[in-house]
2 protein chains.
Amino acid sequence: MANAPAAATEPDVARTCEDLATRALDASRSLNDAETGSRTVALERVADRLIEAADEIIAANATDLATGRDLGLSAAMLDRLTLDGPRIEKMAASVRQIAAQVDPVGQVIEGYVRPNGLRIEKVRVPIGVVLIIYESRPNVTSDAAALCIKSGNSVILRGGKESFASNTRIARAVADGIAEASLPRDCVQLVPTTDRAAVGHLLKMVDRIDVAIPRGGESLIRAVVEQAHIPVIKHYTGNCHVYVDAHADDEMAREICVNAKTQRPGVCNAAETILIHREAAERGLLARICADLAAAGCEIRGDASTRSAFSGAAAATEEDWSAEYLDLRIAVGVVDDLDAAVAHINRYGSRHTDAIVTRRIEAADAFVQRVDSANVFVNCSTRFSDGGEYGLGAEIGISTDKLHARGPMGAADLTTYKWVARGDGQVRT
Amino acid sequence: MANAPAAATEPDVARTCEDLATRALDASRSLNDAETGSRTVALERVADRLIEAADEIIAANATDLATGRDLGLSAAMLDRLTLDGPRIEKMAASVRQIAAQVDPVGQVIEGYVRPNGLRIEKVRVPIGVVLIIYESRPNVTSDAAALCIKSGNSVILRGGKESFASNTRIARAVADGIAEASLPRDCVQLVPTTDRAAVGHLLKMVDRIDVAIPRGGESLIRAVVEQAHIPVIKHYTGNCHVYVDAHADDEMAREICVNAKTQRPGVCNAAETILIHREAAERGLLARICADLAAAGCEIRGDASTRSAFSGAAAATEEDWSAEYLDLRIAVGVVDDLDAAVAHINRYGSRHTDAIVTRRIEAADAFVQRVDSANVFVNCSTRFSDGGEYGLGAEIGISTDKLHARGPMGAADLTTYKWVARGDGQVRT
């Protein structure tokens, strides 16, 4: 036992995490006390420092890529990991865009006067300390840090170990920019170890960390939920549906189905299942949609009705209805009515984004009312489920949770509120 | 092993909980699909059924009280447990009051049109299935159920084992009322066993239960947080402060301190610590406030400065600054300036409710900005931190969390939202 290295290093990891979280909490208080404008200035300096450090970031990234190749990462993963001049310029531009947004801190959400004269306001304030856990893409380091600073929070960043060197250099550039605006460097800290035990420690620090936001694969998120004592806002990926109603406009249905699946198949708001009303299927729309999708290079897995309408479809299994392909593949099924479509979506969907195509008000209203998802659309592509498309500016992600924030999360969703009551001596009787 | 009763019953408890949660989820979907008005009608029927069942509720309560006496519960606990005619009438009146409130479901929180013509709305919808875990007072059974039905949620109720018979009969009356309005009885279910293992099972059912709200002592809440995989909204109790600034109006400060401590000492928004600026203390205000409190029957535990100003004060220990007495006892300390007051509150407070008494705008603004609590007051008693006083109607409790809901929680805080986008064929390019 005395020689076991894991046991020997464990207290150090715990101490490192304690120290990190304490400094994050202290920094969040300084940030809260600082002048409002200083956070905007800090973000502009962060963008400058990213551009300035581009060569060093690319050099750090080269060591990550070399390790990644040795570890046998796929070409797609290596691509996501790669940074070059234009990608770093994009990271800086994203930080400048976040700096230019309206400041959510201090917004009065509600305000009124009570009969006893108390003036009550519900005012947006920073949450405090945010822990972001993410994988691969190193640009998340600057994006997430910028959104947290925008909303007045300290952030602890825990990226994937495959991007550790890149993330370390990016986080340093971010902290340098923040320090130039006289805000504490500790507002942005990267966990300085890739030891897995670190996450477990951080997720239990209820007195110093206010929320964890895991972004990545389902197994990562489940592991976070199981270990956490602090609140978690989950960003599960999407099994999105398009339901083509009996009363759909045929051309509109064809365009929406193709766009929702093929415009960018690898993202969470791409459609993974099409459900079509039997009447629409029988008038030939099912065959036309399948042909459109096949022409766009998409593999189709259909139920029996789909296969008899379109011979190019393979047989869908039970697993296909739950699958998030993130690829040019789609499940297609025929339903008898809207009730069956809603039941299917609430059973197999992931509560992310689901759309109906219809001309009938009753069908649209029932679908909107009864589908239990973060984003429910009428007559448009599922691909609009996005902070930018909603006009929120940059987004921290798309929450599949129901508590605190649901759907695309912008900087305002990284705030909480305070009740402020102002009186002139009121007491309760 | 074969004879161990705990191990033998365990699978039954797990099955009971699975079944309970599945029925709650199914009921929540029926409730969501039902007409809006039916929830109001249901609550009116619930109130009728409570009055009608009063004798049976009182009889069930008598068995709880007999068991409680055998178990040696304190007189205060037995009082909290006791139901009689007037108390049941109050429960029914509270349900009617909740029925009369504005319906939060369907409220449009935000709505706007994007440049591409998409009409976007953020609409309040029920959360789904809510688990409420509480202690002793049986009136929470009908109050919590009514707030959940008002907001369109199914509720699973887990009361204290000392009130199990009372809660069972009350929950039946509530379900009877709901069924009369043609809504599913399973919208309101009491966990049908007092087995401790049941809570552990329910707290892990992420696919069927959306949130847990524990109300009670600190140890109950910590145990819930440690076991839960579902999100938890915590209702810790309050260590509330009144800070008397150098620029306070003396008469106002005296009235607020006495009211905040003594108007109802056993509740979470009663003050537990008074901090006073050295200048205010030195002009004699400290001695007058201590004398006022002592005259109201309050025991004073002071720091050295307080003890030299008021000889009736005992010495405060480190524990006193963190204590939530819920009694006629208070900690009193002198601080050198507002910075020291804020640092003390953020260190020892419980982020519940803290007030400043001052005439200076700068002091009020700095206190509001820097104290990290759910409710921050200027020139009024901490006792106003209450859903009724804020005009929210009945409250499910006072959240000491920062996520989802902070401070007094009304029916609207038991909702989430859905993003609804309506288009006429928009696709992404």
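Just a few scattered comments:
- Segment B:369-382, subset touching a residue at least 60 places away in the same chain (Cβ under 8 Å) and not in a strand (DSSP E or B), residue farthest from A:Pro126 (Cα to Cα): B:Ser381
- Criterion (among the aliphatic types (A, V, I, L, M), under 18 Å from B:Asp33 (Cβ atoms) and out of contact with any Phe, Trp or Tyr (no Cβ under 8 Å at 6 or more places or on another chain)) met by exactly one of A:Ile330, A:Ile361, A:Ile345: A:Ile361
- Tally, over segment A:386-400, of residues that are closer than 30 Å to B:Leu31 by Cβ and touching a Pro at 6+ places or on another chain (Cβ under 7 Å): 2
- Cβ-Cβ under 7 Å pairs, at least 6 apart or on other chains, segment B:244-262 side more than 16 Å from B:Thr382 (Cα to Cα) and at the interface with chain A (Cβ under 10 Å from one of its Cβ atoms), far side not in a helix (DSSP H, G or I) and not basic (Lys, Arg): none
- Among residues of segment B:344-362 being at the interface with chain A (Cβ under 9 Å from one of its Cβ atoms) and either assigned to a helix (DSSP H, G or I) or of a type in the set (A, V, I, L, M) (or both), the one that is surrounded by the most Cβ atoms within 10 Å (Cβ to Cβ) is B:Val357.
- Residue in segment A:288-309 that is within 14 Å of chain B (Cβ to nearest Cβ) and either exposed (fewer than 15 other Cβ atoms within 10 Å of the Cβ) or in a loop (DSSP other than H, G, I, E, B) (or both) present: yes
- Flag if B:Asp365 is surrounded by fewer than 18 Cβ atoms within 10 Å (Cβ to Cβ), free of Cβ contacts under 8 Å to residues at least 24 places away in the same chain, assigned to a helix (DSSP H, G or I) and within 14 Å of chain A (Cβ to nearest Cβ): yes
- Some residue of segment B:279-286 being among the hydrophobic types (A, V, I, L, M, F, W, C) and touching a Leu at 6+ places or on another chain (Cβ under 6 Å): no
- Any hit, segment A:313-331, residues being polar (S, T, N, Q), assigned by TED's automatic domain parsing to the domain that holds A:Ala296 and part of a helix (DSSP H, G or I): yes
- Scanning segment B:257-268 for residues that are surrounded by fewer than 23 Cβ atoms within 10 Å (Cβ to Cβ) and under 19 Å from A:Asp424 (Cα atoms) returns B:Val258, B:Gln263.
- Those residues of segment B:159-214 which are outside any helix (DSSP H, G or I), polar (S, T, N, Q) and out of contact with any strand residue (DSSP E or B) (no Cβ under 6 Å at 6 or more places or on another chain), in sequence order: B:Ser182, B:Thr193, B:Thr194
- Criterion: more than 21 Å from B:Val225 (Cβ to Cβ) and either in contact (Cβ under 8 Å) with a residue 24 or more places away in the chain or not aromatic (Phe, Trp, Tyr) (or both) - qualifying residue of A:Ala173, A:Ala212, A:Ala198: A:Ala173
- Close Cβ contacts (under 8 Å, 6 or more residues apart or on different chains) running from residues in segment B:81-92 that are touching a residue at least 24 places away in the same chain (Cβ under 8 Å) to residues that are surrounded by fewer than 13 Cβ atoms within 10 Å (Cβ to Cβ) are absent.
- Taken over segment B:383-409, the residue count meeting the criterion of being more than 9 Å from every other protein chain (Cβ to nearest Cβ) and either more than 15 Å from the chain's Cα centre (by Cα) or assigned to a loop (DSSP other than H, G, I, E, B) (or both) is 8.
- Positions within segment B:77-128 being among the basic types (Lys, Arg) and either farther than 17 Å from B:Ala171 by Cα or surrounded by 18 or more Cβ atoms within 10 Å (Cβ to Cβ) (or both), in sequence order: B:Arg80, B:Arg114, B:Arg119, B:Lys122, B:Arg124
- 3 or more residues of a type in the set (A, V, I, L, M) and modelled with pLDDT of 95 or more: qualifying helices (runs of 4 or more DSSP H) within segment A:46-135: A:54-70, A:85-100
The values are calculated or read from the model by the stated rules, or taken from the named source; none is laboratory data. Computed from a predicted structure; not experimentally measured. Neighbour counts run over all protein chains shown; Cβ positions are idealised from the backbone, glycine included.
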